[in-house]
Each structure stands twice: as C-alpha cells, then as structure tokens.
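Visitor: Right, I'll just put the structure down here and ask away after.
The values are calculated or read from the model by the stated rules, or taken from the named source; none is laboratory data. This is a predicted model, so every value here is computed, not measured. Cβ placement follows ideal geometry from the backbone for every residue including glycine, while neighbour counts extend to all protein chains displayed. Note: areas computed on protein heavy atoms with side chains; ligands, DNA, RNA excluded. Shrake-Rupley method; radii C 1.70, N 1.55, O 1.52, S 1.80 Å.
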Amino acid sequence: MNVIIAIVVIIILTFGIVWLIDKFVPKKLKPIIHIVLWALIIFLGYITYMSVYKEIQFNELKEKRFAVVIDRLIDIRDSQLAYKEVNGSYTDSFDKLINFVENGKVPITQRRDTLVLDEERTKAFGGVETMKTMTLTDTLSFYSVKDSIFKGSDRYKNMMNVGVGKEGAKFTLKAGKLDEFSVFEASVDKAIVLHDQEPYLIEKEKQVVSVDGVNGPALTVGSMNEVYTKGNWPKSYTNKE
C-alpha cells in the first residue's frame with residue numbers, strides 16, 4: 001500500500017511539473033519534455049496497476065491453496081478425535097494415525113442407569129438391603145473410522161502432505177498433555193503454502209488479524225496451549241465446519 005501511495009503522489013507531482021513547464025519553459029523544449037513526462041506518467045500508472053493486479057491474483061491463488069490445506073487439516077482433526085475416543089489420547093505420529101484410520105473401529109455405546117446392592121450401606125444398616133444407582137455403558141456395535149470419516153476415499157493415506165505450495169511439504173503434528181487434558185496441533189507455515197509468491201505479499205499475509213482471514217503466520221488446527229480442536233480459519237473457507 002505504501003508503494004502505491006508513493007506512486008500516486010509521484011504521478012500528481014508529475015502533472016504539476018507538466019503544468020509548470022507549460023507556463024515557464026520555452027516553446028522549443030516543451031514537446032520533448034512533454035513526451036518524457038507523459039512516458040513517465042504512463043510507466044508509473046502501469047506500475048500502479050500491476051501492483052494492484054498482483055495483489056488480486058495473490059488473493060485468488062491464496063484462497064484456492066488455503067482451501068486445499070484446510071480440507072486436509074479437517075481430515076487430520078477428525079481422525080485425531082476418533083483416535084482419542086478409542087485410545088484415550090492423541091498421537092503425534094502420522095503413521096499411527098493412518099494405520100488407525102485404515103484398521104480402527106470406534107465403539108457405539110449407550111449409557112443406562114441401573115440399581116445395584118450397596119454393600120457398605122447394607123452392612124451399616126445391619127443387613128437391611130440398600131440399593132444405589134450405577135451408570136453402565138453398553139457397547140452396541142462398532143463403526144469403521146475409514147468408512148465413517150472418509151466414505152470410501154483413500155485420501156487419508158496422504159493426510160501428512162500439505163498438497164500445495166512447496167513440493168514435498170508436510171504438516172507438523174504435535175500431541176501431548178495440558179494439565180490432565182490431551183491436546184494436539186497440526187500446522188503448516190503460510191510461507192510454505194505460498195512459497196512461490198512475492199515475499200512482501202507473503203509477509204503481509206502472515207501478519208493478518210481479521211475475522212474474515214486466516215490469522216497468524218500458519219494454518220493450524222488444534223492447539224498445544226489450550227484445549228481446542230478447531231482451526232484458525234473463518235467459516236467462509238469451508239462448509240465442513
């Protein structure tokens with residue numbers, strides 16, 4: 001934006017110079033100076049146009065690439081949630097996560113309350129039977145993680161790959177404990193996704209703080225600093241949320 005403002009100011013000054021020349025420069029020199037100045041105005045106008053056009057192109061490409069990355073982060077998140085349901089915690093290994101999706105079964109359960117004998121209270125009351133309520137969990141059946149989340153697709157086999165931007169780039173996957181809670185985080189730096197774009201545009205994008213944008217320097221789902229399983233993107237990027 002600063003570059004564009006500077007160019008616009010220069011163009012305005014150039015028009016001012018043209019006016020001054022028209023007033024004070026001898027007639028013989030005016031045609032040559034006018035040609036030079038108008039060439040400069042056209043050149044600066046072209047630079048201004050290209051600066052704006054490049055940013056428009058960048059934003060279009062960014063949205064397409066971010067959509068691909070976000071779809072994969074959602075797959076990772078959904079797989080992690082299923083993994084935790086069965087194993088009690090998240091994993092920081094894509095190999096384990098992919099193997100779990102391939103072979104894992106998640107139980108479908110039902111909770112019910114039932115009355116059972118409270119032995120301690122029965123003894124305390126001299127043998128008079130005293131009942132207590134206990135919640136039981138029944139396993140009704142199991143569902144396949146692969147079929148449930150990926151519905152016949154084998155894209156989970158490549159969930160570690162970013163898929164756009166820098167060739168061969170992979171997501172960073174972390175998992176651990178925050179107090180007594182399990183947490184995970186999958187992320188990729190925006191500079192990797194947009195690596196072939198203008199550095200100043202990438203740097204500008206990494207500083208985004210907006211309700212309509214992907215905030216911060218990376219695309220991220222989950223967090224190692226809080227119990228959080230959502231991503232840092234707005235709903236406009238996906239209809240899966």
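Visitor: Need one value: the accessible area of Ile41 in square angstrom, 1.4 angstrom probe, rounded to the nearest 10.
Guide: Accessible area, nearest 10 Å²: 20 Å².
Visitor: Next up: With +1 on each Lys and Arg Cβ and -1 on each Asp and Glu Cβ, how big is the dipole of the range 119-240 about its Cα centre, in debye rounded to the nearest 20?
Guide: 220 debye
Visitor: Also, I was wondering about something else. With viscosity set to 0.692 mPa s and temperature to 37 °C, compute the Stokes-Einstein D of the range 170-241, Rh being the Kirkwood radius across alpha carbon pairs; µm²/s, no decimals.
Guide: Estimated diffusion coefficient is 246 µm²/s.
Visitor: Report ³J(HN,Hα) in whole Hz for each residue of the range 53-68, in order, from the Karplus equation J = 6.51 cos²θ - 1.76 cosθ + 1.60 where θ = phi - 60°; Gly and Pro get x.
Guide: So the Karplus estimates, Gly and Pro as x, are 5, 4, 5, 5, 4, 4, 5, 5, 5, 4, 5, 5, 5, 4, 4, 5 Hz.
Visitor: Any chance you could check the Cα centroid distance between the range 49-94 and the range 169-241 for me, in angstrom?
Guide: Centre-to-centre distance over Cα atoms comes out at 7 Å.
Visitor: Please turn the phi angles of the range 198-208 into ³J(HN,Hα) values with the Karplus equation 6.51 cos²θ - 1.76 cosθ + 1.60 (θ = phi - 60°), one per residue in order, whole Hz, x for glycine and proline.
Guide: For the range 198-208, the Karplus curve yields 4, x, 5, 6, 5, 4, 4, 5, 5, 9, 4 Hz.
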